[in-house]
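A.B. asks: Before anything else, here's the structure in question.
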Amino acid sequence: MRRQIVAGNWKMNTTPIEGVELIKGVAALKGEVCSSVEFVVAPPFTHLSEVVKATRGTGILVAAQNCATEAKGAYTGEISASMIASLGVEYVILGHSERREYYGETSATLNKKMVQVFANNLIPIYCVGEVLEERESGKYFDVVKAQIEEVVFELTEEQFEKTIIAYEPVWAIGTGKTASADQAQEIHAYIREVLKSKFGVKAENTSILYGGSCNPANAAEIFSKEDVDGGLIGGAALVAENFINIGKGFKK
Ligand code: PGA
């Protein structure tokens, strides 16, 4: 059975104090959600450590939003995967569309980051997704396929088995415009087929999360789809109740 995951990407929001408050709120409400649902939160680097401490004993896991391409050295401003791992963090989000768009991340960059993530026993949440023009021109299958082939196909089978994929149409991120549940299912099923073409039946066990204006009102319908195994949540993850209510969207 595939893991059901609700991951909150806090992006560049919250101070350390606010982050710990948010985690406490999520932890207090988590019992209302089916215990099979795994909650993950990705705070900014500045409070990863505080948030890891605050999640102890709650079952909530922590992700970093990014990591460096290199292991260590003269890379001013960068944070290495080993630094992240040393804090007790489990996951690293890689290839988020904001990183691709604003910070020029390419598949070549992401291949290097993948190496660092696995060298430090972290688990990647690898994001893919098309922009509006690619959706409207029908190119989205090819775009997503290339994002998978250029990065995920470079992994070993063992690495692939640990990897989580997040499909996030760029036109739906922070816009209030969600993909319909059918649109999500169509592309999630396609992503699984692409993964199967390389990794065979192992892709049946890959959790593929949907991201992009996912909220308590639309989560249940999206999560009801066969190939949708959870969500990567931005804005709605910043309010504990909303985040928890998204988790309640799992009925299966
Ligand atoms: P959003 O962001 O839920 O605010 O649209 C999702 C994401 O970028 O991960």
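The values are calculated or read from the model by the stated rules, or taken from the named source; none is laboratory data. All of these numbers come straight from a predicted model, not from anything done at the bench. Note that we place each Cβ from the backbone using ideal geometry, even for glycine, and neighbour counts take in every protein chain shown. The protein model used for the area step is the full one, side chains on, heavy atoms only, and it has no ligands, DNA or RNA in it. Shrake-Rupley method; radii C 1.70, N 1.55, O 1.52, S 1.80 Å.
A.B. asks: Ignoring any ligand, DNA or RNA, what whole percent of the accessible area of the chain comes from carbon and sulfur when the probe is 1.4 angstrom?
C.D. replies: On the way: 5700 of 11160 Å².
Using a 1.4 Å probe with all protein chains present, the chain comes out at 51 percent carbon and sulfur.
A.B. asks: Let me ask you something else. Which of the residue pairs 11/198; 225/248; 112/225 have a Cα-Cα distance greater than 24 Å in the structure shown? All intermediate terms of the calculation are to be shown ahead of the outcome.
C.D. replies: On the way: 11/198 32 Å; 225/248 15 Å; 112/225 33 Å.
With Cα atoms farther than 24 Å apart: 11/198; 112/225.
A.B. asks: Which log10 I(q)/I(0) values, to two decimals, does the chain give at q = 0.08, 0.11 Å⁻¹ under the Debye formula with one point per Cα?
C.D. replies: Result of the Debye calculation: -0.27, -0.53.
A.B. asks: Give me the one-decimal nm value for the distance between modelled label points at residue 150 and residue 205, 7 Å along each residue's Cα-to-Cβ direction.
C.D. replies: 2.9
A.B. asks: Here's something else I'd like to know. Would you mind telling me which residue in 75, 167, 126 has the biggest mean-square fluctuation in a Gaussian network model of the chain, where springs connect alpha carbons within a distance under 10 angstrom?
C.D. replies: Between 75, 167, 126, it is 75 that shows the largest mean-square fluctuation.
A.B. asks: Shifting gears a bit: With r defined as the distance between the Cβ atoms of residue 75 and residue 106 and R0 fixed at 22 Å, what FRET efficiency is calculated, to the nearest 0.05? Before the final figure, lay out the partial values.
C.D. replies: On the way: r = 17 Å, r/R0 = 0.79.
With R0 = 22 Å, the Cβ-Cβ based efficiency is 0.80.
A.B. asks: Which one, 244, 79, 217, projects farthest toward the positive side of the charge dipole computed for the chain from Cβ point charges (K/R +1, D/E -1)?
C.D. replies: 244
A.B. asks: Quickly estimate the mean residue ellipticity at 222 nm for the chain, helices only: each DSSP H run with n ≥ 4 gives -39500 (n - 2.57), and the total goes over all residues, rounded to 500.
C.D. replies: Working: 11 runs with 102 residues, N = 252.
Theoretical 222 nm ellipticity from helices: -11500 deg cm²/dmol.
A.B. asks: On to the next question. Just want to confirm a number: the relative contact order over the chain, from Cα pairs under 8 angstrom separated by 6+ residues, in percent. Please report the intermediate quantities before stating the final value.
C.D. replies: On the way: 485 pairs, mean separation 56.2, N = 252.
Once divided by the residue count of the chain, the mean separation gives 22 percent.
A.B. asks: A further question on this structure: What number, in nm² with one decimal, is the all-direction average of the projected area of the convex hull of the alpha-carbon atoms of segment 1-70? Could the numbers behind the result be given before it?
C.D. replies: Values: hull surface 22.4 nm².
Quarter of the Cα hull surface area: 5.6 nm².
A.B. asks: At most 15 other Cβ atoms within 10 Å and a DSSP loop assignment: could you name the trypsin sites (Lys or Arg not before Pro) in segment 43-124 that fit?
C.D. replies: Values: sites: 53, 56, 72, 99, 100, 112, 113; in loops: 56, 72.
For trypsin sites (Lys or Arg not before Pro) across segment 43-124 that sit outside H, G, I, E and B with at most 15 neighbouring Cβ atoms in 10 Å, the list reads 56, 72.
A.B. asks: Please give the FRET efficiency for residue 198 paired with residue 119, using the beta carbon to beta carbon distance and R0 = 22 Å, rounded to the nearest 0.05. Numbers along the way, then the final one.
C.D. replies: On the way: r = 22 Å, r/R0 = 0.99.
Computed FRET efficiency for residue 198 and residue 119: 0.50.
A.B. asks: In segment 87-110, which residues have a backbone nitrogen under 16 Å from the label point lying 7 Å from residue 49's Cα in the Cα-to-Cβ direction?
C.D. replies: Residues 87-89 fall inside that zone.
A.B. asks: Near the amide H of residue 231, under 5 Å away, which other amide H atoms are found, from residues 5 or more places off or on another chain, if H is placed in the peptide plane?
C.D. replies: 5, 6, 7, 210
A.B. asks: Under 10 Å, Cα contacts only: if you run a Gaussian network model on the chain, which one of 130, 101, 149 comes out with the highest mean-square fluctuation?
C.D. replies: 101
A.B. asks: I would also like to ask the following. Restricted to Cα positions, what overall size does segment 142-195 have along the principal axes? Three whole-Å values, descending.
C.D. replies: Extents along the principal axes, in whole Å: 36, 21, 20.
A.B. asks: Also, I was wondering about something else. Could you point to the residue in 39, 118, 132 farthest towards the positive end of the chain's charge dipole, with +1 and -1 charges on the Cβ of Lys/Arg and Asp/Glu respectively?
C.D. replies: Positive-most Cα among the choices belongs to 39.
A.B. asks: Is any residue of segment 204-225 close enough, with backbone N under 14 Å, to a label point placed 7 angstrom from the Cα of residue 32 along the Cα-Cβ axis, and if so, which?
C.D. replies: 216-217, by backbone N distance to the label point.
A.B. asks: Okay, moving on. Counting only heavy atoms of the protein chains, get the accessible area per residue of the chain (1.4 Å probe) and round it to a whole Å² value. Present the calculation step by step, with values, prior to reporting the outcome.
C.D. replies: On the way: 11160 Å² over 252 residues.
Heavy-atom SASA per residue in the chain reads 44 Å².
A.B. asks: Counting Lys and Arg as +1 and Asp and Glu as -1, what is the net charge of the other residues whose Cβ lies under 13 Å from the Cβ of residue 80? Write out the running numbers ahead of the final one.
C.D. replies: Numbers: positive: 72, 112, 113; negative: 70, 78.
Local charge sum for residue 80: +1.
A.B. asks: Let me ask another. For segment 4-247, what is the charge dipole size about the Cα centre, in debye to the nearest 20, if Lys and Arg each add +1 at the Cβ and Asp and Glu each add -1 at the Cβ?
C.D. replies: I would put it at about 560 debye.
A.B. asks: Divide, for segment 87-149, the radius of gyration over alpha carbons by 2.2 N^0.38 Å, where N is the residue count. Kindly include the intermediate steps, with their values, before the conclusion.
C.D. replies: Details: Rg = 13.2 Å, N = 63, 2.2 N^0.38 = 10.6 Å.
The value comes to 1.24.
A.B. asks: Could you give the length gained on full extension between residue 162 and residue 3, defined as 0.36 nm per residue of separation minus the Cα-Cα distance, in nm? Mind dumping the intermediate values first?
C.D. replies: Numbers: separation 159, 0.36 × 159 = 57.24 nm, distance 1.10 nm.
Between residue 162 and residue 3, full extension yields an extra 56.1 nm.
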